[in-house]
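What follows draws every value from the coordinates through simple rules; no lab data is involved. Bear in mind the structure is a predicted one, so any value in this text is a computation, not a measurement. Positions of Cβ are backbone-derived with ideal geometry, glycine not excepted, and every protein chain shown enters the neighbour counts.
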Amino acid sequence: MWSAYLAGDTKPLIEAAGPDLSDVKGNISAENGNAVYTAVECADAKWPTNRRTWDRDNTRLHRHHPFLTLSNAWMNLPCATWEGPQYQPVNVKSHRGLPPVLIVQSTRDAATPYEGAVELHKRLKGSRLITEQGAGSHGVTTELNLCINQRVDAYLLRGTVDAKDVVCGPHATPKPAQASKTKATLAADRLTP
């Protein structure tokens, strides 16, 4: 879809961005998921109610994280007028006797900035942080990066962690499959049965 877009064909991107009206069950499930996300997000912490605060904070974040800041702000905007109770965030900290926690974070994740992982790592004594340097993926463990995947597998299968924190290079970025096609070639492809 992105390759086609780069080559001048916007139709696949527009179709992917729009709702699938034929999938009623899937749409209901997605809306239910959004409702649960909103309820948890809005109740877990106190959110600002002043529009100027939202604008100031998101403008500042957008300078460093332009890809996802505004869409994420839009998704969380119901919290500005949330009528249910809003709680103080849970004070996350270590407890003696628990196994080490493994934290995996990319340095350019626009939805959950790297600084949050560093702060969590400080609070969870004995935890290990795997940093994917120079990558911007939100779902780090879903990408093919052996430096990360082998360590996550070892943690999940055997409960083992490295003796020290680890910094991995970024996962391979996808290469556009059709970016080199011309508009004429794309038009011919659409006409070919």
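With +1 on the Cβ of every Lys and Arg and -1 on the Cβ of every Asp and Glu, and nothing else charged, how large is the dipole of the chain about its Cα centre, in debye rounded to the nearest 20? Kindly include the intermediate steps, with their values, before the conclusion.
On the way: 22 positive and 19 negative charges, 125 e Å.
Result for the chain is approximately 600 debye, rounded to the nearest 20.
Zone of Glu119 (label point 7 Å along Cα→Cβ, backbone N under 13 Å): which residues in the stretch 39-63?
Under 13 Å, as judged by backbone N against the label point of Glu119, lie 45-46 of the stretch 39-63.
Counting Lys +1, Arg +1, Asp -1, Glu -1, what net charge surrounds Ser106 among other residues with beta carbon under 13 Å of its beta carbon?
Values: positive: Arg108; negative: Asp109, Glu115, Glu132, Glu143.
Surrounding charge for Ser106 is -3.
So what's the net charge close to Asn91: Lys and Arg +1, Asp and Glu -1, counting the other residues with Cβ under 15 Å from its Cβ? Let's see the in-between values first.
Details: positive: Lys46, Lys93, Lys122, Arg123, Lys125; negative: Asp44, Glu119.
Result for the local shell: +3.
Ranked highest first by average number of other Cβ atoms within 10 Å, how do 98-109, 163-174 line up?
Values: 98-109: 17.9, 163-174: 13.0.
The packing order, highest mean first, is 98-109, 163-174.
May I ask which residue of Ser127, Thr69, Gln150 lies farthest towards the positive end of the charge dipole of the chain, with charges of +1 (Lys, Arg) and -1 (Asp, Glu) on Cβ and the Cα centre as origin?
Selected residue: Ser127.
Rounded, prolate or oblate: which fits the stretch 2-81, taking a ≥ b ≥ c as square roots of the Cα gyration tensor eigenvalues, rounded meaning a/c under 1.5, else prolate when a/b beats b/c? Numbers along the way, then the final one.
Values: a/c = 3.46, a/b = 1.32, b/c = 2.61.
Oblate is the answer for the stretch 2-81, as a/c is 1.5 or above yet b/c matches or exceeds a/b.
Suppose R0 equals 30 Å; then what is the FRET efficiency for Leu156 and Arg96 from their Cβ-Cβ distance, rounded to the nearest 0.05?
Values: r = 23 Å, r/R0 = 0.77.
So, using R0 = 30 Å, E works out to roughly 0.85.
Mind giving me the FRET efficiency for Thr38 and Lys11? R0 is 25 Å, r the Cβ-Cβ distance, nearest 0.05 is fine.
Details: r = 32 Å, r/R0 = 1.26.
E(calc), rounded to 0.05, equals 0.20.
Assign one of three labels to the chain, namely rounded, prolate or oblate, based on the Cα gyration tensor with a ≥ b ≥ c the square roots of its eigenvalues; rounded applies when a/c is under 1.5, prolate when it is not and a/b is larger than b/c, and oblate otherwise.
Working: a/c = 2.04, a/b = 1.30, b/c = 1.57.
The shape class here is oblate.
If packing is taken as the mean number of other Cβ atoms within 10 Å per residue, what is the order of 27-37, 56-66, highest first? Before the final figure, lay out each step's value.
On the way: 27-37: 11.1, 56-66: 13.2.
Descending mean neighbour count gives 56-66, 27-37.
Which entries of Lys25/Lys46; Lys46/Lys93; Lys46/Lys164; Lys122/Lys175 have Cα-Cα distances beyond 27 Å here?
Details: Lys25/Lys46 33 Å; Lys46/Lys93 20 Å; Lys46/Lys164 35 Å; Lys122/Lys175 37 Å.
Beyond 27 Å between Cα atoms: Lys25/Lys46; Lys46/Lys164; Lys122/Lys175.
Cβ under 15 Å from Ala80's Cβ, Ala80 left aside: what net charge do those residues give with Lys, Arg +1 and Asp, Glu -1? Please list the in-between numbers first.
Working: positive: Lys46, Arg51, Arg52, Arg56; negative: Glu41, Asp44, Asp55, Asp57, Glu83.
With Lys, Arg at +1 and Asp, Glu at -1, the neighbours total -1.
Please label the shape of the stretch 102-168 as rounded, prolate or oblate, based on the square roots a ≥ b ≥ c of the eigenvalues of the alpha-carbon gyration tensor (a/c under 1.5 means rounded; beyond that, a/b larger than b/c means prolate, else oblate). Intermediate results must be reported in sequence, preceding the final value.
Numbers: a/c = 1.96, a/b = 1.14, b/c = 1.72.
Verdict is oblate for the stretch 102-168.
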